[in-house]
Amino acid sequence: MSDPIIMDGKARSKSIIEEVTAATRRLRDETGVQPGLAVVIVGSDPASQVYVGSKAKRAEECGFKSVKHELTEDTSEDELLKVVDALNRDDTIHGILVQLPLPKQIDDAKVIQAIDADKDVDGFHLVNVGRIATGAADEAFVPCTPAGCMVMIRDVLGDDLSGLNAVIVGRSNIVGKPMAQLLLAANATVTIAHSRTRDLASVCAKADILVAAVGRPEMITGDFVKDGAVVVDVGINRVEAADKGANADGSPKTRLVGDVAYDEAAAKARAITPVPGGVGPMTIGMLMANTLRSAYRAAG
Ligand code: GUN
């Protein structure tokens, strides 16, 4: 195979952010409305802190009003629901994102359903899930990670995926299931595989489009990949990197890897996303696009 197209999510996301920034300026000039994004984090999980920090920072760069609510690990469900309720009523806020996972005393589903569906820029509310499942994705907020994957897939294959087999490995509500709906809406023939799928390698080897979202480092090896497949790696796994030596405190250095064994897959793929710098940055770009869209709707 010739060298694959490397789907550069960092560059693609940058172009989306630039478009969002320009459209934000136009919206403000024409209507006086400034898009507002509120991100809420409960507890101090370091990975979540990093994600939420970059979402808030990127919102500011787009020219949005950006609000961050940081609540302590022992916050009760009622307290969090009060914060969500206040944001629902706040006309300067068009997007609300409550970072998951939440501490164990809080029911994730209850909090997500409490968010106004028209401010649910994560696309997790049942109303938005239902809109996507019934083919009304145009009216829905589409979850940001699958939306970002679709942009990259369409960049390579175009809008109509008729006749193509798509296999998604992973059945989460955040990625696997909405990804399946979006690929189906684009006319692909869709299989959702998961940890209990029998002979996963041969199921994946039939995929023209292979989306890996299992959270297992480098489990999708070369034998899972069909020649000429478009491979999208949603995984972000931190693993020990023995070859990099140790940190000052003696702990081993680490590196980020995806769910796909990159070199083996790249040797067969027509196009592939790197980790880091692939799907990850796209997720934030799509969050900004969803928030802008919400502000446009609010502006009438
Ligand atoms: N945790 C991991 N990914 C996401 C996401 O896309 N949105 C929210 N709210 N929490 C997450």
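Out of the residues in the stretch 132-143 meeting the condition of being away from the ligand (no atom under 16 Å from the Cβ) and surrounded by 13 or more Cβ atoms within 10 Å (Cβ to Cβ), tell me which one is nearest to the chain's Cα centre (by Cα).
Ala137
Go through (1) within 12 Å of the ligand (Cβ to nearest atom); (2) hydrophobic (A, V, I, L, M, F, W, C); (3) assigned by TED's automatic domain parsing to the domain that holds Ala212; (4) over 13 Å from Met288 (Cα atoms) and name the single condition Ile112 misses.
So the condition that Ile112 fails would be (3).
Among the residues of the stretch 1-37, what is the count of those that are within 16 Å of the ligand (Cβ to nearest atom) and within 22 Å of Asp85 (Cα to Cα)?
Here the count works out to 1.
Determine, yes or no, whether Ala117 is touching a strand residue (DSSP E or B) at 6+ places or on another chain (Cβ under 8 Å) and modelled with pLDDT of 95 or more.
No, not satisfied.
Inside the stretch 214-242, can you point out the residues that are crowded, with 19+ Cβ neighbours inside 10 Å, acidic (Asp, Glu) and more than 15 Å from Ala166 (Cα to Cα)?
Across the stretch 214-242, the qualifying residue is only Glu218.
Mind telling me which of the residues Ser76, Ser66 ends up being among the hydroxyl-bearing types (Ser, Thr, Tyr) and within 16 Å of the ligand (Cβ to nearest atom)?
Ser66
Any idea which of (1) part of a loop (DSSP other than H, G, I, E, B); (2) touching a helix residue (DSSP H, G or I) at 6+ places or on another chain (Cβ under 8 Å) is the one Glu73 doesn't satisfy?
Every condition holds for Glu73 apart from (2).
One residue is enough: does the stretch 83-90 have a residue meeting the conditions within 13 Å of the ligand (Cβ to nearest atom) and within 29 Å of Gly176 (Cα to Cα)?
Yes, the stretch 83-90 has at least one match.
Working carefully through the options Val84, Val33, find the one that is in contact with a Leu (Cβ under 9 Å, 6 or more places away or on another chain), closer than 22 Å to Gly123 by Cβ and touching a residue at least 24 places away in the same chain (Cβ under 8 Å).
Just one listed residue meets the conditions, Val33.
Condition check ((1) assigned by TED's automatic domain parsing to the domain that holds Ala185; (2) under 22 Å from Ser13 (Cβ atoms); (3) out of contact with any Lys or Arg (no Cβ under 9 Å at 6 or more places or on another chain)) across all residues:
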residue	(1), (2), (3)
Val83	no, no, yes
Asp91	no, no, yes
Asp107	no, no, yes
Ala136	no, no, yes
Ala147	yes, yes, yes
Gly163	yes, no, yes
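Any idea which residue in the stretch 115-124 is farthest from Val83 (Cα to Cα), counting only those that are surrounded by fewer than 21 Cβ atoms within 10 Å (Cβ to Cβ) and free of Cβ contacts under 8 Å to residues at least 40 places away in the same chain?
Per the stated criteria, the residue is Ala117.
Quick one: Pro103 ticks every box in (1) within 16 Å of the ligand (Cβ to nearest atom); (2) not assigned by TED's automatic domain parsing to the domain that holds Gly36 except a single one, so which number is it?
Only one criterion is unmet by Pro103, namely (2).
Could you please find all residues in the stretch 38-48 being more than 12 Å from the ligand (Cβ to nearest atom) and either among the aliphatic types (A, V, I, L, M) or in a helix (DSSP H, G or I) (or both)?
The answer is Pro46, and nothing else.
Just need a number here: residues in the stretch 244-294 that are more than 16 Å from the ligand (Cβ to nearest atom), hydrophobic (A, V, I, L, M, F, W, C), at pLDDT 95 or above and assigned to a loop (DSSP other than H, G, I, E, B).
Result for the stretch 244-294: 3.
Evaluate the following for Ser195: is it modelled with pLDDT under 95, polar (S, T, N, Q) and over 19 Å from the mean Cα position of the chain (by Cα)?
Yes, satisfied.
Could you go through the stretch 144-154 and let me know if any residue there is more than 12 Å from the ligand (Cβ to nearest atom) and at pLDDT below 95.
There is no residue in the stretch 144-154 that is more than 12 Å from the ligand (Cβ to nearest atom) and at pLDDT below 95.
Give the residues of the stretch 1-13 that are free of Cβ contacts under 8 Å to residues at least 12 places away in the same chain and either of a type in the set (A, V, I, L, M) or within 13 Å of Leu287 (Cα to Cα) (or both), sorted by residue number.
Scanning the stretch 1-13 gives a single hit, Ala11.
The values are calculated or read from the model by the stated rules, or taken from the named source; none is laboratory data. Values in this document were obtained by computation on a predicted structure and should not be read as measured data. Neighbour counts run over all protein chains shown; Cβ positions are idealised from the backbone, glycine included.
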